[in-house]
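Visitor: Got a structure for you, questions after.
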Amino acid sequence: METTQPGKVPSSPGPTPFAQTYFHGTKADLQPGHLIEAGYASNFGQRKQAKYIFLSGTLDAAIWGAELALGEGPQRIYLVEPTGPIENDPDLTDRKFPGNPTLSYRSTHPLKVLAEVTGWQGHPPEQVQAMQAALASLKEQGIDSLNDE
């Protein structure tokens, strides 16, 4: 049995019938085979150069990613495959949801787009507005993302 350090996700030797499915929520228009890479303006916060790419093992967390992403264009969800190691996203797993029930991860390695997920339903507008207000409040308080460190 493979063991990992706390906060680390075990790497997989490749696809299996029981492999974890990963999603990425954004407003970017991508196609199967495209790589989502770090180093571009972030979809969130101050739009700094992104050090990480984010992915989730739950569709709900990816929907939040798409709904909260800055920029123009429709919200999109992609089925993605990590090309390297992934780790827990400390903004969610350390600050909001200890134990990572949202299955939220980050990586410095590209994510390969496998397909676009269609037919998903977003959160109610009032719930999205409440989340945006909460994030704006954190920003006003000077609480920054751990992902900018």
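Computed from the coordinates by the stated procedures, all read-outs in this text should not be read as laboratory data. These numbers come from a predicted model, not from an experiment. A quick note on method: Cβ atoms are made from the backbone with ideal geometry, for glycine too, and the neighbour counts reach across all protein chains shown.
Visitor: Among residues other than H24 whose Cβ falls under 14 Å from its Cβ, what is the net charge (Lys/Arg +1, Asp/Glu -1)?
Guide: -3
Visitor: Figure the gain on full extension for L70 and A115 (residue separation times 0.36 nm, minus the Cα-Cα span) and round it to one decimal in nm.
Guide: So the chain would gain 14.0 nm between L70 and A115.
Visitor: If you plug each phi of the stretch 111-121 into the Karplus form 6.51 cos²θ - 1.76 cosθ + 1.60 with θ = phi - 60°, what whole-Hz ³J(HN,Hα) values come out, in order, with x for Gly and Pro?
Guide: Each residue of the stretch 111-121 in turn: 10, 8, 6, 9, 6, 8, 8, 10, x, 7, 10 Hz.
Visitor: Long-range amide H contacts for V80: which residues qualify at under 5 Å (H placed 1.01 Å from N, peptide plane, sequence gap of 5 or more or a different chain)?
Guide: Y22, F23, H24, L114
Visitor: Same structure, new question: Short version: ³J(HN,Hα) in whole Hz for each residue of the stretch 71-81, in order, from phi by Karplus 6.51 cos²θ - 1.76 cosθ + 1.60 (θ = phi - 60°), x for Gly and Pro, what are they?
Guide: Running phi through 6.51 cos²θ - 1.76 cosθ + 1.60 with θ = phi - 60° gives x, 9, x, x, 6, 9, 10, 10, 7, 10, 10 Hz.
Visitor: If you don't mind, another one. By per-residue mean of other Cβ atoms within 10 Å, what is the highest-first order of 72-78, 107-113, 120-126?
Guide: 107-113, 72-78, 120-126
Visitor: Which of the peptides 19-25, 62-68 is most tightly packed, and how do the rest follow, judged by the mean count of other Cβ atoms within 10 Å per residue?
Guide: 62-68, 19-25
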